[in-house]
Amino acid sequence: MGDKTISIKHLVGLEGVSRDDIRIILDTGFTFREVLERPIKKVPTLTGINVVNLFFENSTRTRISFELAEKRLSADVTSFSAAASSVKKGETLKDTVQNIHAMKMDAVVMRHPVPGAAIQLSHFVDAVVINAGDGTHEHPTQALLDMLSLQEKFGYLEGLKVGIIGDISHSRVALSNIFGLLAMGAKVTLCGPGHLIPPHVSELGVEVNGDVDEVIEWADAVNVLRIQRERMGVGLIPSVREYRSQFGISLERLSRHKKELIVLHPGPINRGVEIDSEVADSDQAIILDQVLNGVAVRMSVLFHLLKPREEMEAA
Ligand code: CP
């Protein structure tokens with residue numbers, strides 16, 4: 001582990017990240033999966049490294065997962081929630097971050113509601129920046145954990161057929177998955193209401209198909225996205241019942257297709273809307289594997305972005 005180095009200095013998104021870099025991160029992710037199965041799950045790799053988690057937007061999985069990954073690597077961890085900070089008194093992102101930077105942090109993990117916030121942050125600080133989700137832009141570690149889960153299930157990504165179903169327009173998970181899966185040679189088809197699929201997305205190299213049954217028939221796996229009511233204006237979906245009937249992944253719908261489809265969901269789940277409980281809790285759903293793989297892949301990202309820095313500074 002760790003003898004290969006990645007070329008990126010920050011992880012602000014998967015757009016432009018090379019196949020070699022993704023392969024190295026995933027391979028090390030599998031190594032950390034094994035560490036997470038051991039009785040003692042902690043390694044001393046990032047001893048003495050300071051990481052701050054800045055969450056300007058709500059999170060359950062990503063925040064816990066990053067904190068756990070940092071602690072498993074023995075980093076010193078500080079967590080910051082915008083709700084309990086001076087951001088509420090009008091402090092700008094730049095001032096908040098420069099103050100934190102003055103405290104000599106080595107890495108900043110940030111979730112922010114504004115698309116591009118992580119890229120902007122990388123210009124303000126010389127710490128390593130890891131994007132934990134920036135508005136509707138990207139969520140690179142989610143896509144990496146999705147790919148780790150798919151690789152674990154199928155044994156390969158090259159040529160794998162993945163459907164991404166739901167509200168593509170408002171989804172940072174969709175965009176990062178598109179960049180990551182295409183870089184790894186997978187085939188991607190997007191499916192959802194026409195007005196929730198960006199018009200020029202096929203220029204990225206994906207297919208678009210509005211018929212969910214055709215996508216299920218074609219795909220090896222589907223990644224089901226939630227309907228992001230908080231990012232939408234009122235009335236973009238005529239009714240939840242109509243959405244469920246047209247695009248919802250129900251047991252009844254899956255049983256019409258005589259195949260073993262693997263189902264992913266990044267969470268949080270709207271049960272009974274984009275996916276039914278019988279599917280989400282079934283053996284064909286790998287949603288909880290995704291959560292465990294999230295810790296492993298975030299350990300890998302932290303390791304590869306921070307270990308070389310530690311060695312450089314020690315030299
Ligand atoms: N998948 C995901 O990003 O979940 P959280 O919003 O709970 O972090």
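Give me the angle, in degrees from 0 to 90, between the Cα long axis of helix 172-183 and the longest principal axis of the Cα atoms of the chain, rounded to the nearest 10.
Long axis of 172-183 versus the principal axis of the chain: about 90 degrees.
Within the stretch 1-107, which trypsin sites (Lys or Arg not before Pro) sit in a loop by DSSP and count at most 16 neighbouring Cβ atoms inside 10 Å? Kindly include the intermediate steps, with their values, before the conclusion.
Numbers: sites: 4, 9, 19, 23, 33, 41, 42, 61, 63, 71, 72, 88, 89, 94, 104; in loops: 4, 9, 41, 42, 104.
The qualifying sites are 4, 9, 41, 42, 104.
Over the residues of the stretch 135-174, compute the C-alpha Rg and express it relative to 2.2 N^0.38 Å.
Compactness ratio reported: 1.26.
First check a/c for the stretch 127-255, with a ≥ b ≥ c the square roots of the eigenvalues of its C-alpha gyration tensor; if it is under 1.5, answer rounded, and if not, answer prolate when a/b is larger than b/c or oblate otherwise. Could the numbers behind the result be given before it?
Numbers: a/c = 1.73, a/b = 1.15, b/c = 1.50.
It comes out oblate by the Cα gyration axes.
Would you list which lysines come within 18 Å of residue 41, measuring only between C-alpha atoms, while excluding same-chain residues fewer than 8 positions from it?
Of all the lysines, those that pass the test against residue 41 - Cα under 18 Å, at least 8 places apart if same chain - are 71.
Report the accessible area of residue 7, computed with a 1.4 Å probe over the heavy atoms of all protein chains in place, in Å² rounded to the nearest 10.
Spelled out: residue 7, probe radius 1.4 Å, area about 80 Å².
So how tilted is helix 19-37 from the main axis of the chain? Cα-based, degrees 0 to 90, rounded to 10.
So the inclination is approximately 80 degrees.
On C-alpha positions alone, give me the angle between the axis of helix 61-72 and the longest principal axis of the chain, in degrees, nearest 10.
The answer is roughly 40 degrees.
Given contacts defined as C-alpha pairs under 8 Å and at least six residues apart, what's the relative contact order of the chain, whole-number percent?
Dividing the mean separation by the residue count of the chain yields 21 percent.
Accessible area per residue, 1.4 Å probe, Å², for the stretch 117-276: what's the number?
38
For 12, 173, what's the largest-to-smallest order of accessible area, 1.4 Å probe?
12, 173
Per-residue ellipticity at 222 nm for the chain, helices alone: DSSP H runs ≥ 4 residues times -39500 (n - 2.57), over residue total, nearest 500 deg cm²/dmol?
So the helix-based figure for the chain works out to -12500 deg cm²/dmol.
Among the GluC sites (Glu not before Pro) in the stretch 230-304, which ones are in a DSSP loop with at most 12 other Cβ atoms within 10 Å of the Cβ? Mind listing them? Can you show the working numbers first?
Numbers: sites: 230, 242, 252, 260, 274, 278; in loops: 260, 274.
Sparse-neighbourhood loop GluC sites (Glu not before Pro): 260.
Check each of the chymotrypsin sites (Phe, Trp or Tyr not before Pro) in the stretch 113-217 and keep only those in coil by DSSP with at most 13 other C-beta atoms within 10 angstrom; list them in order.
When the chymotrypsin sites (Phe, Trp or Tyr not before Pro) of the stretch 113-217 are filtered for loop state and at most 13 Cβ neighbours within 10 Å, 156 remain.
If you plug each phi of the stretch 116-123 into the Karplus form 6.51 cos²θ - 1.76 cosθ + 1.60 with θ = phi - 60°, what whole-Hz ³J(HN,Hα) values come out, in order, with x for Gly and Pro?
x, 4, 5, 5, 4, 4, 5, 7
What shape does the stretch 1-81 take by its C-alpha gyration tensor, where a ≥ b ≥ c are the square roots of the eigenvalues and a/c under 1.5 counts as rounded, a/b above b/c as prolate, and the rest as oblate?
Cα axes put the stretch 1-81 in the oblate bin.
Considering only protein heavy atoms, with the full assembly of protein chains and a 1.4 angstrom probe, order 158, 152 by accessible area, largest first.
Output order, biggest surface exposure first: 158, 152.
Using a 1.4 angstrom probe on heavy atoms only, work out the carbon and sulfur share of the accessible area of the stretch 49-144 in %.
Ligands and nucleic acids excluded, carbon and sulfur reach 50 percent.
For the chain, just list the percent of Cα-Cα distances falling in each 20 Å bin from zero outward, please.
All Cα pairs considered, the percentages come to 33, 57, 10, 0.
The values are calculated or read from the model by the stated rules, or taken from the named source; none is laboratory data. These numbers come from a predicted model, not from an experiment. Every residue, glycine as well, gets a Cβ built from its backbone with ideal geometry; the counts of neighbours run over all protein chains shown. Side chains included, ligands, DNA and RNA excluded: accessible areas come from the protein's heavy atoms. Shrake-Rupley method; radii C 1.70, N 1.55, O 1.52, S 1.80 Å.
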